[in-house]
Amino acid sequence: MSGHLRLGVNIDHVATIRNARGGGHPDPVRAARVARDAGADGLTVHLREDRRHIRDHDLETLAAEVLLPVNLEMAATDEMLDIALRHPTHAVCLVPERREERTTEGGLDVARLHNSIAPIVRTLVHAGRRVSLFVEPDPIQLAVAEAMGAQVVELHTGAYAEAWLTGDQARVQVITAQLAEAARLGAARGLEIHAGHGLTFDNVGPIAAIPEVAELNIGHFLVGEALFIGLEAAIRRMRALMDQARTGKAATSGTIR
Ligand code: PXP
């Protein structure tokens, strides 16, 4: 299970900057091209209810270019289901969403929301999508995700990233162990394991080192870092750090910083 670790680059915040002024600059599709050239394996976009970053037409322009497999993150609502069915993407990741939140806070509680989420998962799987559920590293969430027929779970690393920011190493270790155990349990259930949220150059290593994790989805940090070192260099550096954590070998490329 510890093969190539895929990097999905989330380009939402390229659109956030674009939308601050209207118009088309910076163009998320151009960022997608850079991501591809820098070694990303996929693109992630979150079409939020309020369209604060990625907008419907971005799905069309990304699909028209066929740059990399696209993972569409969305709330489990009828509106989003309809859009997902009209815009075939490689994968769909169901995430929780409340209009007032700044970002995705906490995982989707698939156990509590089973009755509303299960039919959406079923419809998407029938339509040929790879369905991922963004969940906390909790055995119950994994069991329900499997029972619903999702092929993938993305483990929420937000609490891990927060603990890292506070410098509480004991808490970082506890949460890393929870994530590693969830990855093991999920993989044993036949789920493909992804992880993401709040990952940076500093904190990506221990998550990338979890052997069952097949993909990391990373956005905000890369777009922020792009201001200083450029998007291509930021992605190459992240890719190198991921490979280094996975293989235990020092990074040989992307060693800016
Ligand atoms: N994975 C999921 C499911 C997300 O919703 C997000 C964005 O909130 C990310 C990964 C990327 O998180 P970040 O932008 O903090 O890297």
*Please enumerate the residues belonging to segment 124-149 that are over 19 Å from residue 106 (Cα atoms) and in contact with a Lys or Arg (Cβ under 9 Å, 6 or more places away or on another chain).*
124, 146, 148, 149
*In this structure, does residue 125 turn out to be open to solvent by 50 Å² or more (accessible area, probe 1.4 Å), assigned to a helix (DSSP H, G or I) and without any contact (Cβ under 8 Å) to a residue 60 or more places away in the chain?*
yes
_In segment 137-150, the residues that are without any contact (Cβ under 8 Å) to a residue 40 or more places away in the chain and surrounded by fewer than 21 Cβ atoms within 10 Å (Cβ to Cβ)_ = 140, 147, 148, 149
*Consider only pairs whose beta carbons are under 6 Å apart and that are at least six residues apart or on different chains; among these, list those whose first residue lies in segment 179-192 and is closer than 18 Å to residue 106 by Cα and whose second residue is open to solvent by less than 60 Å² (accessible area, probe 1.4 Å) and charged (D, E, K, R).*
183/212
*Restricting to helices (runs of 4 or more DSSP H) lying wholly in segment 148-210: which have 2 or more residues that are more than 12 Å from the ligand (Cβ to nearest atom) and closer than 24 Å to residue 43 by Cβ?*
169-188, 204-208
*Restricting attention to segment 14-23, does a residue exist that is over 21 Å from residue 76 (Cα atoms), basic (Lys, Arg), in contact (Cβ under 8 Å) with a residue 60 or more places away in the chain and surrounded by 14 or more Cβ atoms within 10 Å (Cβ to Cβ)?*
no
*Find the residue count for segment 151-160, including only residues that are crowded, with 22+ Cβ neighbours inside 10 Å and not β-branched (Val, Ile, Thr).*
4
*Taking residue 112 as meeting all but one of (1) more than 16 Å from the ligand (Cβ to nearest atom); (2) open to solvent by less than 50 Å² (accessible area, probe 1.4 Å), write down the number of the exception.*
(2)
*Mind checking which pairs have a first residue in segment 212-233 that is at pLDDT below 95 and open to solvent by 30 Å² or more (accessible area, probe 1.4 Å) and a second that is of a type in the set (Ser, Thr, Tyr) and more than 8 Å from the ligand (Cβ to nearest atom), Cβ under 9 Å, 6 or more apart or different chains?*
none
*Could you please let me know if residue 169 is out of contact with any Asp or Glu (no Cβ under 8 Å at 6 or more places or on another chain), farther than 30 Å from residue 66 by Cβ, of a type outside the set (A, V, I, L, M, F, W, C) and open to solvent by 10 Å² or more (accessible area, probe 1.4 Å)?*
yes
_Show the residue pairs meeting these rules: Cβ distance below 8 Å; 6+ apart or different chains; first residue within segment 151-165 and free of Cβ contacts under 8 Å to residues at least 24 places away in the same chain; second residue acidic (Asp, Glu) and within 11 Å of the ligand (Cβ to nearest atom)._
none
*Grab the strands (runs of 3 or more DSSP E) fully contained in segment 1-108, keeping just those with 1 or more residues being more than 22 Å from residue 150 (Cβ to Cβ) and within 14 Å of the ligand (Cβ to nearest atom).*
6-10
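The values are calculated or read from the model by the stated rules, or taken from the named source; none is laboratory data. Bear in mind the structure is a predicted one, so any value in this text is a computation, not a measurement. Reconstructed Cβ throughout: ideal geometry from the backbone, glycine too, with neighbour counts over all protein chains shown. Keep in mind that these areas ignore ligands, DNA and RNA; they rest on the heavy atoms of the full protein, side chains included. Shrake-Rupley method; radii C 1.70, N 1.55, O 1.52, S 1.80 Å.
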